[in-house]
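Reading through the structure tokens given below for one structure.
Just so you know, all these numbers are worked out from the coordinates, no wet-lab data involved. Keep in mind that what you see is a predicted model, and the values were worked out from it rather than measured. All Cβ positions, glycine included, derive from the backbone under ideal geometry; neighbour counts span all protein chains shown.
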Amino acid sequence: MGGSQASHARLAEIERVGGIGTWTWDPRGGLWWSAEMRRLHGIAPDQSPVNADYSRRLVHPDHRDDVQDSWRRMLRDGVPWDLEYRIVRPDGTQRWLAARALPDGVGDELRQVVGIVRDVTEDHEAEDRRRRAHEDLAAHQAILQQIVRGQPLGVTLDTMCRDIERRFPHTYCSVMLVDEDLGVLRDGAAPSLPAGARAALDGLPIGEGEGACGTAAHRGEAVVVEDTLVDPLAKGYQDIVGTYDLRAIWSHPLKNAAGEALGTFALYRNVPHVPDRDETSVVRAAADVVALAIERERTEQQLVRSAQIDSLTGLINRQQFLQKLVGRLRHGSTRTAVMFLDLDRFKWINDSFGHPTGDRILAELGHRFQKAFTGQQTVARFGGDEFTVLLEDATDDRIADAARHVAEVLTEPFHVDRGEFVLTVSIGIAIDDGLADAEGLVRDADAAMYAAKERGRARWVVFDQQLRERALERVDLEAQLRRGIADGEFTVHYQPSLMLETGEWGGAEALARWYRDGVVVANPDRFIPLAEETGQIVELGLLLLEQVVEQTAAWHAAGRSTVVSVNLAVQQLTDPNLVERLGDMLQRHGLPPELLVVEVTESAVMRHFDQAREALDQLRRMGLHLVIDDFGTGYSSIARMRDLPVVAVKIDRSFTKDLGVTPQADDVMAAVVGLAHAFGLQTVVEGVETRDALERLRTLGCEVAQGYLLGRPQTAAQLQATLSAPPPC
């Protein structure tokens with residue numbers, strides 16, 4: 001007898017340590033629960049024996065039918081019973097349990113059922129936290145995309161408020177904006193607050209003791225009013241909080257990059273409340289994104305105030321030019337012409353000396369144009385290094401004079417950054433025939449400008465019917481492309497990258513080039529889109545992949561292992577033979593797969609997500625590393641990256657344009673990098689052209705940088721020489 005008791009005691013101790021409750025049930029003797037089973041259900045050990053009805057009542061109403069149905073199925077079919085469900089303990093707390101039971105017998109021959117139960121609440125709570133984190137990141141990514149795309153601020157703020165309200169039920173969310181002129185807070189967004197409450201809070205003074213929001217904006221730190229009925233901060237606002245039942249308020253200040261107050265982000269509840277750690281973390285992150293949206297909006301408002309003027313050159317901008325042209329075509333009584341100017345090889349200046357140098361040249365050119373064009377000639381900066389001129393009373397002689405005048409403006413060299421630059425310009429001219437609209441006239445002038453470039457640059461061409469035949473050139477280029485692939489005219493250049501943490505060379509990106517007899521046939525920005533449009537990209541991609549794998553394997557065999565990344569187009573990614581062909585290349589050349597990185601654009605992945613994911617999964621199983629290219633320019637949600645086997649994202653060069661120069665660019669880059677890191681993804685940043693941008697990326701914790709500052713695309717031999725020397729930065 002004593003031995004039996006000792007065995008039971010040992011079993012009970014094992015159950016307690018393992019957190020596993022046991023139970024039995026038979027048709028005659030009823031239900032028996034172990035002591036641990038009782039503890040898991042919140043029942044005292046000395047409580048009277050439980051029965052089946054009592055056990056069912058402990059199951060959460062949402063799960064009661066599932067438990068009952070699965071129980072009946074077990075009794076009927078004699079199959080094991082496996083289920084996870086919630087219970088409500090007698091004290092009202094809820095727990096998740098995982099149950100498993102085995103029946104001994106079936107139907108009338110059932111002798112008993114033996115089962116175990118364990119508490120899996122922490123597993124469910126952890127999964128809930130992961131799910132909420134993914135949702136939060138996805139929501140913030142969507143907001144960032146709205147910011148980048150210029151979504152109206154009111155829509156962005158409403159979206160964020162609603163996201164927070166969904167995240168924390170029974171909560172009202174508001175955003176208030178600082179009115180610097182009056183020193184008050186203005187209503188920005190509060191989609192769920194009553195209109196009367198919003199009106200009453202609008203104009204809230206900024207200062208100590210002016211409610212939670214006014215005080216938070218004044219202090220520059222979060223303010224929690226746990227109970228508005230007793231907190232002195234709400235003393236002067238009892239009418240508002242009483243009328244609209246705002247019992248608890250938590251207000252977080254919104255600040256710009258300089259730490260200046262932009263507004264407040266507040267949560268309201270109908271009961272006393274103190275935010276927990278989860279709420280604090282989520283709202284702090286949301287407030288940072290909201291502050292970024294507000295700061296961007298204010299910057300844009302400043303631009304709107306000078307919307308007619310290009311800030312760099314001082315000339316009217318594209319929109320204003322088109323408005324003037326529309327008015328001229330409608331009401332002008334004399335002949336009208338448009339000149340479209342494009343600086344020749346200006347991209348070379350930007351690429352070689354950096355955009356700051358290019359911008360200073362454009363600014364100087366703007367000043368020259370303002371002095372040169374007056375009266376019936378209106379010049380505008382149309383975009384980038386493109387300018388347009390509106391000519392009134394445009395006789396043939398006056399058109400020729402204007403074109404020569406433009407050339408004369410550029411005759412004098414530009415002295416910038418200790419360098420002397422001599423520019424030429426290609427000019428396209430379109431003359432109103434009484435049928436074209438403003439957009440059409442500019443389009444025709446643009447087509448003529450491209451004809452001028454093709455004829456040697458530094459000249460002007462008047463649009464005529466022959467230019468409409470330019471489409472035939474595209475057909476010719478397509479035929480050359482097909483021949484070039486067959487004749488092996490395509491080769492690979494390599495652009496190096498830098499590991500920012502160590503300052504050492506990282507690897508290189510393989511880039512396609514097209515030569516015939518040592519001369520460039522067409523640039524990648526022409527032949528790559530054409531190859532994609534015509535379906536030749538798959539064949540071209542295989543040819544280039546073969547070269548990359550062969551070259552990388554040769555470096556590896558020579559003891560100079562270099563990680564090389566290759567770009568795959570959407571047609572390649574969805575090619576059912578891709579994985580097999582690439583695997584064959586690796587095997588034939590003896591290249592370890594970890595030396596090859598595959599880059600795919602986010603737009604390509606998201607357009608064909610299921611196919612892309614399957615292909616990427618197969619590539620990853622082969623041992624290749626995968627990167628999302630041009631990140632930030634498409635329509636993906638970073639939250640979906642968790643479904644892809646990628647290790648990094650390559651942030652598009654558009655995010656680096658003003659990096660290290662403007663706080664807005666730094667904030668956007670920091671937000672994108674932070675989101676990527678939150679998912680465990682490394683960041684590769686392209687388009688790095690200044691040391692300021694490189695240092696800012698180091699500060700933000702980016703892993704890899706690539707750009708002309710570090711190295712231009714080069715041949716395989718040149719790359720090895722580059723990688724053998726210390727990095728320039």
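Summary of computed values
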| read-out | value |
| --- | --- |
| Cα gyration tensor, the chain - rounded (a/c under 1.5), prolate or oblate | oblate |
| Length released on extending from residue 725 to residue 418, taking residue separation times 0.36 nm less the Cα-Cα span | 107.8 nm |
| Rounded, prolate or oblate (a/c below 1.5 giving rounded, otherwise prolate when a/b exceeds b/c) for the stretch 227-301 by Cα gyration tensor | prolate |
| 20 Å Cα-Cα reach of residue 324 towards aspartates and glutamates, excluding residues that sit fewer than 8 places from it in its own chain | 310, 386, 392, 393, 432, 433, 437, 439, 444, 446 |
| Efficiency of FRET between residue 274 and residue 14 - r from beta-carbon atoms, R0 51 angstrom, step 0.05 | 0.80 |
| Neighbourhood charge, 15 Å Cβ-Cβ cut-off, centred on residue 111 and excluding it, Lys, Arg +1 and Asp, Glu -1 | -3 |
| Unpaired by the 4.7 Å Cβ criterion, cysteines found in the chain | 213, 702, 729 |
| Highest to lowest packing among 107-120, 214-227, scored as the average C-beta count within 10 Å | 214-227, 107-120 |
| Between 0 and 90°, nearest 10: helix 121-148 axis offset from the chain longest Cα axis | 20 degrees |
| Assigned charges on the beta-carbon of Lys, Arg, Asp, Glu; the chain dipole about Cα centre (debye) | 500 debye |
| Nonlocal amide H pairs with residue 416, under 5 Å, H built at 1.01 Å | 421 |
| By average C-beta atoms within 10 angstrom, highest first, the peptides 244-255, 91-102, 573-584 | 244-255, 573-584, 91-102 |
| Gyration tensor verdict on the stretch 125-305 (Cα atoms; rounded if a/c is under 1.5, prolate if a/b is larger than b/c, oblate otherwise) | oblate |
| Simple label model, 7 Å out from Cα along Cβ direction - residue 258 to residue 621, nm | 5.7 nm |
| Fewest-first sequence of 431, 361 by Cβ atoms within 10 Å of each Cβ | 431, 361 |
| Residue exposure sequence - 702, 729, 161, 213 - by fewest surrounding Cβ within 10 Å | 729, 702, 161, 213 |
| Antiparallel %, DSSP beta bridges [both residues in the chain], to 5 | 75 percent |
| Estimated dipole of the stretch 125-305 in Debye, rounded to 20 [Cβ of Lys and Arg +1, of Asp and Glu -1, Cα centre] | 400 debye |
| Nearest-ten-degree value, helix 396-409 long axis tilted from longest Cα axis of the chain | 70 degrees |
| Per-residue [θ]222 nm for the chain (sum of -39500 (n - 2.57) over DSSP H runs n ≥ 4, rounded to 500) | -14500 deg cm²/dmol |
| Helix 691-700 vs. the chain, principal-axis angle (Cα, 0 to 90°, nearest 10) | 10 degrees |
| Label-point gap, in nm, between residue 374 and residue 166 - each point 7 angstrom along Cα→Cβ | 6.0 nm |
| Test item: Cα-centred dipole of the stretch 33-103, Lys/Arg +1 and Asp/Glu -1 on Cβ, debye | 80 debye |
| Antiparallel bridges, percent of DSSP beta bridges restricted to the stretch 483-724 (to nearest 5) | 40 percent |
| Amide H contacts of residue 225 (H built 1.01 Å from N, under 5 Å, at least 5 apart or other chain) | 249, 250, 251 |
